[in-house]
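Comments concern the structure below.
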Amino acid sequence: MKKYILSLLIIVAAAGIARGDRGGYTVPKAIIDAVVHEDNSWEITEYLFVNFSEPRHGIYKYIPTAFSYGFPGADGKLEEYKYRTVVDSIDVDGRTFKVEDDDTPAFNKIIIIGKEDLTLTGDVKYTISYRMRYLDDRYKGEDFLCHTLWGQGWNTQVDSLYFCVAMEKGFPAGFTKELNVYSGALGSKANADSVYISINEEENKIYGSVFNLPANHAITLSARMPEGYWEVPEKNNTPFYSLLAISGMMALVLIISFLKNRSKVTRVVSFHPPAGMSSAEVGKVIDDSVDNCDLASLIPWMAHKGYLKIRELRDNGNSKPVLELTLNSPLHPDEPQYMQQFLEALFKKKGENTIRLDELGNRAHAINKVKDSINREYAGQRALTNTNTLMVWLWRILVFFIAWAVCCASFTGNFDQHFLGYTLFTSGVAMYVMGRRRRKAGVGYKLWPAKRKRKNMLMWGAIIVAVTGFNIFMINKGLLSVNPLIIAVALVLTAIVSYFTHLCVKSTPYRDQLMGELLGLRNFIETAESSRLKMLVEENPHYFYEILPYAIVFGLSDKWVAQFEHIAVKAPDWYVGKSIRTNQMVPQTVLSNMTTNFDSSIKGAVESATSSGGSWSWVGGLFSGGGHSFSGGGGGGGGGGSW
């Protein structure tokens with residue numbers, strides 16, 4: 001029951017108009033007594049005389065802490081500034097109450113008065129007191145007073161309402177002419193409810209009254225004040241700049257460490273892969289991970305070795321042929337364990353020796369075992385990389401410090417958990433994920449084609465812009481006490497450092513030696529001259545098929561196939577199909593289909609078990625209502641009801 005009531009209150013507050021229980025109580029009289037201090041903090045006491053016509057536990061009241069205000073811009077048009085207030089020192093005289101915060105765009109403080117095991121009827125008086133602190137308006141042209149004494153969120157008429165606002169510092173010159181009262185439905189720019197107002201300049205007090213104030217009507221006081229009238233203490237930005245300075249030093253140390261930690265690889269001319277290395281092992285070496293395409297390359301590699309036969313099937317309605325694998329001969333005893341595991345993953349059922357690639361189904365567990373076995377081949381003395389743990393932790397601390405610094409810049413006078421969530425989610429989590437992905441995937445960066453490098457940089461550049469823009473949007477203008485440009489520069493530089501976290505990982509001398517040969521082979525596959533290829537094919541008629549698996553792991557299979565567009569390639573004895581004509585040129589479309597078929601089949605076999613249909617999204621706003629001088633605008637306001 002308690003959860004249901006709280007949920008109802010939060011929904012009501014988010015809408016800005018309290019629906020409550022749509023009855024059961026009236027407000028015969030309300031008195032508001034406010035003292036406004038020179039730092040623009042309001043000490044408010046509300047005396048609410050409530051009549052419960054039906055049994056109710058009590059009342060609730062919510063106070064928005066987010067609002068907006070319009071200042072005249074250079075072109076004369078109003079520019080919206082967004083603000084937060086701090087509501088604290090809440091008390092309800094002689095009553096049981098609790099205070100909740102919601103995460104609606106208004107960031108309401110919700111005061112729930114009453115006991116769940118007690119109901120009331122008849123006349124009840126509530127004395128509610130609290131302090132509302134307005135922060136620096138961040139606008140140097142003028143100060144302002146814009147406070148809603150009675151919010152539009154009450155769903156019942158108020159028979160009589162009286163208020164007194166005492167200005168501790170006194171009225172500035174011309175205040176009586178500047179002061180306006182707005183009443184009526186939300187957005188009214190007139191005194192639609194005929195609120196009576198009088199000013200006592202000797203006492204520096206504003207008195208007002210109104211009778212038969214309709215439900216969902218508000219009363220707002222508004223006045224333009226001279227710049228400097230409010231003596232709001234400046235926010236202490238020492239934590240922000242201290243964190244920024246420490247982060248800058250850490251970033252410098254990281255950059256120097258990155259430069260020193262770079263691997264030096266000498267490329268050598270190579271027409272063949274390193275002796276004894278399968279294509280899957282080459283895939284492991286080039287980026288220190290075993291991908292689906294690395295395993296897919298094992299199909300033509302093992303076929304070329306005589307372990308598999310591939311047959312082309314023509315299904316009705318299929319424009320491209322479907323490939324069928326047949327186990328041709330048992331593995332040689334000297335072959336590594338992962339090859340036997342790979343065959344067991346393909347031919348899952350015991351005694352099975354034929355499988356169509358489009359019918360692999362779920363092989364995720366078995367294929368992951370193959371990947372683990374290949375990874376174990378390159379451990380210990382054959383390890384490919386060393387990770388500088390100190391650099392990784394230094395980068396993690398850097399990201400945390402920058403995220404915390406942005407949080408400090410957005411704190412509104414007290415600890416603000418909402419902005420902590422926004423900035424840590426974007427600044428911290430996004431950069432951490434980005435850096436971690438770069439650290440995992442960037443080991444093979446040198447082998448990436450130029451097009452992929454450009455695409456990768458553009459993608460992460462877009463992420464950096466999005467993260468920075470989102471943060472500045474969320475904490476812009478009135479919420480910041482520092483220049484947004486400083487935050488933007490800090491976020492961008494941290495993101496750039498995160499982009500280069502792959503340099504935390506350094507290749508071992510063993511890998512550097514292998515990489516020299518592999519870089520040479522990759523360069524040859526991509527740029528080979530026809531004359532050189534013809535010579536190699538004459539020496540070895542099966543040269544195309546020998547290199548094809550390695551072209552797949554380099555991501556250059558299409559390029560390798562295109563290199564042989566005008567070179568006759570002898571049909572392999574391990575491939576049977578109508579589209580290959582023995583001892584004649586193999587059609588390019590067949591070769592292209594064959595290479596893509598391997599990759600998509602293995603990928604499907606893994607992803608069929610790991611994919612999910614669910615998704616999540618995160619959206620949200622920041623501010624509600626607001627504007628320049630109207631009923632229900634400015635700070636304060638809110639509403640309430642019975643429960």
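The values are calculated or read from the model by the stated rules, or taken from the named source; none is laboratory data. In this text the structure is predicted, and so the values were computed from the model without any measurement. Methodologically, a virtual Cβ is constructed for each residue, glycine included, from the backbone with ideal geometry; neighbour enumeration extends over all protein chains shown. Surface areas here come from the heavy atoms of the whole protein model, side chains and all, with no ligands, DNA or RNA. Shrake-Rupley method; radii C 1.70, N 1.55, O 1.52, S 1.80 Å.
Quick check on my link table: of Lys177/Lys235; Lys348/Lys369; Lys109/Lys235; Lys453/Lys534, which ones sit more than 21 Å apart, alpha carbon to alpha carbon?
Over 21 Å apart, Cα to Cα: Lys177/Lys235; Lys109/Lys235; Lys453/Lys534.
What residues from the stretch 358-376 fall in the zone where the backbone N is under 15 Å from a label point 7 Å along the Cα-to-C-beta line of Thr508?
Flagged as within label range: 374-376.
Starting at the first residue of the stretch 182-197, write each ³J(HN,Hα) from the Karplus equation 6.51 cos²θ - 1.76 cosθ + 1.60 with θ = phi - 60°, in whole Hz, x for Gly and Pro.
10, 9, x, 5, 3, x, 5, 10, 9, 8, 5, 9, 6, 5, 7, 9
Give the accessible surface of the stretch 120-225 per residue, rounded to a whole number of Å², with probe radius 1.4 Å and ligands, DNA and RNA excluded.
43 Å²
With a 1.4 Å probe and all protein chains kept in place, how do Asp103, Asp291 rank by accessible area, largest first?
From most accessible down to least: Asp103, Asp291.
Which ³J(HN,Hα) values, rounded to whole Hz and listed in residue order, are derived for the stretch 326-336 from phi using the Karplus coefficients 6.51, -1.76 and 1.60 in 6.51 cos²θ - 1.76 cosθ + 1.60 with θ = phi - 60°, glycine and proline given as x?
10, 6, 8, 7, x, 5, 5, x, 7, 5, x
Give the accessible area for Glu168 in Å² (nearest 10); use a 1.4 Å probe, count only protein heavy atoms, and leave out ligands, DNA and RNA.
For Glu168, the solvent-accessible surface is approximately 110 Å².
Compute the distribution of all C-alpha to C-alpha distances in the stretch 153-236, in bins of 5 Å from 0, and list the percent of pairs in each, rounded to whole numbers.
P(r) for the stretch 153-236, in whole percents per bin: 3, 12, 22, 21, 16, 13, 9, 4, 1, 0.
Return the distance in nm (one decimal) between the two label points of a simple spin-label model at Phe211 and Asp33, each offset 7 Å from Cα along Cα→Cβ.
According to this spin-label approximation, the distance is 2.4 nm.
For Thr45 and Asp101 in the same chain, what is the full-extension length gain: residue separation times 0.36 nm, less their Cα-Cα distance, in nm?
Length difference between fully extended and current span is 18.1 nm.
Using label points projected 7 Å from each Cα along Cα→Cβ, tell me how many nm separate Ala488 and Leu313, to one decimal.
5.9 nm
Quick one: accessible surface of Lys235, probe radius 1.4 Å, all protein chains present, in square angstrom to the nearest 10.
70 Å²
How long are the three semi-axes of the equivalent ellipsoid for the stretch 200-245, computed from the Cα gyration tensor as the root of 5 times each eigenvalue, in whole Å, largest first?
In descending order the semi-axes read 40, 19, 9 Å.
Would you calculate the convex hull of the Cα atoms in the stretch 194-325 and tell me its volume per residue in Å³?
Spelled out: Cα convex hull of the stretch 194-325, divided by residues, is 426 Å³.
Name the residues of the stretch 34-67 whose amide N is less than 16 Å from a point 7 angstrom out from the Cα of Thr26 along the C-beta direction?
What the label zone holds, given the 16 Å backbone N cut-off, is 49-55.
Report D for the stretch 102-249 in µm² per second (integer): Stokes-Einstein, Kirkwood Rh on Cα pairs, 20 °C, 1.002 mPa s.
Translational D for this selection: 114 µm²/s.
Extension gain Val576-Val253, at 0.36 nm per residue separation less the Cα-Cα distance, in nm?
Here the answer is 110.4 nm.
What percentage of the solvent-accessible surface of the stretch 162-259, computed with a 1.4 Å probe over protein heavy atoms, is contributed by carbon and sulfur atoms?
In the stretch 162-259, the share of accessible area belonging to carbon and sulfur is 56 percent.
When the solvent-accessible surface of protein heavy atoms is calculated with a 1.4 angstrom probe, in what order do Asp137, Asp159 fall, highest first?
Greatest to least solvent exposure: Asp159, Asp137.
Got a sec? What order do Lys305, Lys371 fall in by accessible area at 1.4 Å, biggest, i.e. largest, first?
Lys305, Lys371
Note down the accessible area of Asp288, probe 1.4 Å, to the nearest 10 Å².
Answer for Asp288: close to 50 Å² accessible.
Listed highest first by mean packing, meaning other Cβ atoms within 10 Å per residue, what order do 201-213, 527-539 come in?
Sorting 201-213, 527-539 by mean packing, highest first, produces 201-213, 527-539.
Check which residues have an amide H placed less than 5 Å from Asp39's amide H, if you skip close sequence neighbours.
Under 5 Å from the amide H of Asp39: Glu231.
Separation between the Glu335 and Val268 pseudo-spin-labels, each 7 Å from Cα along Cα→Cβ, expressed in nm?
2.8 nm
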